[in-house]
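Here, each number is a calculation from the coordinates, and none is a lab measurement. Just so it is clear, the structure is predicted and the values come from calculations on it, not from any experiment. Cβ sites come from the backbone with ideal geometry, for glycine too, and all protein chains shown count toward neighbours.
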Amino acid sequence: MKTGNKGLRKGAERPRWSWRRRVAFIGAIGVVVVVAAGLAYGLYPRSPGIPTLDDRQVMRQVSFAYVTNDAVWVKLRGAQPRIVAHLAFQANVPYFHVAWSADQSLLLVSAHEEHLYLGPGSVDSGSAPQFGSWIVALPSGTITELRDPPGDCVLQSCVWFGDRFIIHSLPEQVFAPPTYRLYDIQTQVDSNTRLDNQPVYALAVRGQTVYFSSPPQSGQTQCSTGVIERFDVRSNTIATVFAIPDPYVDHNSVIAGWDVSADGARALVVTQGVAPSDNECQRQVAPHVYLLTQGDDNPIFSASVAASGFTLAPDGQFAAFTLAPDRTATPAAGASPEIAIYNAFTGDIHNHRLDAGAVSVVGAPALLGWLGQDAGVLSVVAQCASGPYDATPGATPLPTELTMLRATTIYYTPAGGSAPSRPIETISGPYELFFPYPLAPVQSGAYPNC
């Protein structure tokens, strides 16, 4: 039975919405959904909240590789280390280097035989060294030998560019920085690019772009400030993107280092302290840390800090650098190293003590790189000990005692707060570990050493 009131149904307690009100309501829901999605995917400014990870969550992001004898061992994203490939390389004194592709699906494994003079009847130190390179696919372990490798990647610098190319340095000339070429692993030949014959002091790959620094231009003095340049492989062009605030090189010695964010929008620059008597500029160069934005001459952050290692988060919002005690000091003497983390969201700096306990620390911890979502930074500390050198009988030119690597401990430093760095995993044995994290260009991918 009808009530006589239009727009009401029997038993209804509220009137119907008109089509105009329905459209307005649906539109309001759409706005809420879009804003929420924007916050989640970065279309709008994110909250500076920093996730806190437990040890298991950290371990899921840890990968490294090492080579022993002819076996290539890989720990991939927290799994147990396993042998993924064997190298067809026989050498008396082998050295190895492993370069990871950005997505951790490929390894460039290189081997080099070092010829040492161990006395009468030993290998002639003047003979040419043997070297080779292999591509190892993960997780399958499929191995492909490069018949014409890009060079001796143990002695020269070799880094992945995408999953097809290797950027490698050519043998260095005396008192001159190296030059780099782009090597195609499919054709196994170098490609011609604008990077050819370009002297380079430091180089880093970020996505499809290469960043590098060169010596001062012709007509400039050695104490001139340097620049960070961008090489775009697709357009084959080079452009200057950052100016380094302090003198960059002096007498062919680099006195500043840098790192860039994943998109190249920010750069972290760290200068070393140089006395006036030690540089041709005849002026004091103080140790300093700068965080720069592309196109802006004013640093976001500037501090007089002596940093021995440094790394910039992929999004450029966090920077980490090590504050090392004197190399002769030990944690037991109250000289534990610290890792400082700068937060560009808040402008805060927090120092995180690295309590190595009984570990014998050689210098500062080596920074590896950042975990996902800026959750923190990984570092490694070497456990070193001295022992007798097991030399070939009759060999006298070598020392009777060497400092040897005994174990490596990986530490996690949370980005938020000031909690101390904590150990995550210890790898026992004298293994040189190779990690996949994007590195500042003045650092290598191998850690640690004594």
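Some points to look at:
- In this simple spin-label approximation, GLN104 and THR240 carry label points 7 Å from Cα along the Cα→Cβ vector, and these lie 3.9 nm apart.
- Ordering of 266-275, 198-207 by packing [mean C-beta count within 10 Å, highest first]: 266-275, 198-207
- Each residue of the stretch 306-316 is assigned a 3J(HN,Hα), and the resulting list reads 8, 9, 8, x, 7, 7, 10, 4, x, 8, x Hz, derived from the Karplus form 6.51 cos²θ - 1.76 cosθ + 1.60 (θ = phi - 60°), x at Gly and Pro.
- Order of TYR437, TYR431 under a 10 Å beta carbon neighbour criterion, fewest first: TYR431, TYR437
- Put simply, the amide H of GLY309, placed in the peptide plane, has neighbours under 5 Å in THR322, leaving out anything fewer than 5 places away on its chain.
- Taking other C-beta atoms within 10 angstrom as a stand-in for reagent exposure, THR311, THR225 fall in the order THR225, THR311, fewest first.
- Taking amide H as placed 1.01 Å from N in the peptide plane, the amide H of GLY369 sits under 5 Å from that of LEU378, each at least 5 places away or on another chain.
- Amide H contacts under 5 Å for GLY316: ALA262, restricted to partners 5 or more places along the chain or on a different chain, H placed in the peptide plane at 1.01 Å from N.
- Applying 1/(1 + (r/R0)^6) with R0 = 45 Å to the Cβ-Cβ distance of SER140 and ALA286 gives a FRET efficiency near 0.30.
- Pairwise label distance in nanometres, ARG147 with ARG353, each label 7 Å out on the Cα-Cβ vector: 6.1 nm
- Using θ = phi - 60° in the Karplus curve 6.51 cos²θ - 1.76 cosθ + 1.60, the 3J(HN,Hα) couplings for the stretch 415-432 round to 6, x, x, 10, 5, x, 5, 10, x, 10, 7, 10, 9, 7, x, x, 9, 7 Hz; x is entered for Gly and Pro.
- What the phi angles of the stretch 81-96 give under the Karplus curve with 6.51, -1.76 and 1.60, with θ = phi - 60°, is a coupling list of x, 8, 6, 10, 6, 10, 9, 8, 9, 10, 8, 6, 10, x, 10, 10 Hz, glycine and proline written as x.
- Among CYS384, CYS153, sorting on how many other beta-carbon atoms sit within 10 Å of each Cβ, with the fewest leading, yields CYS384, CYS153.
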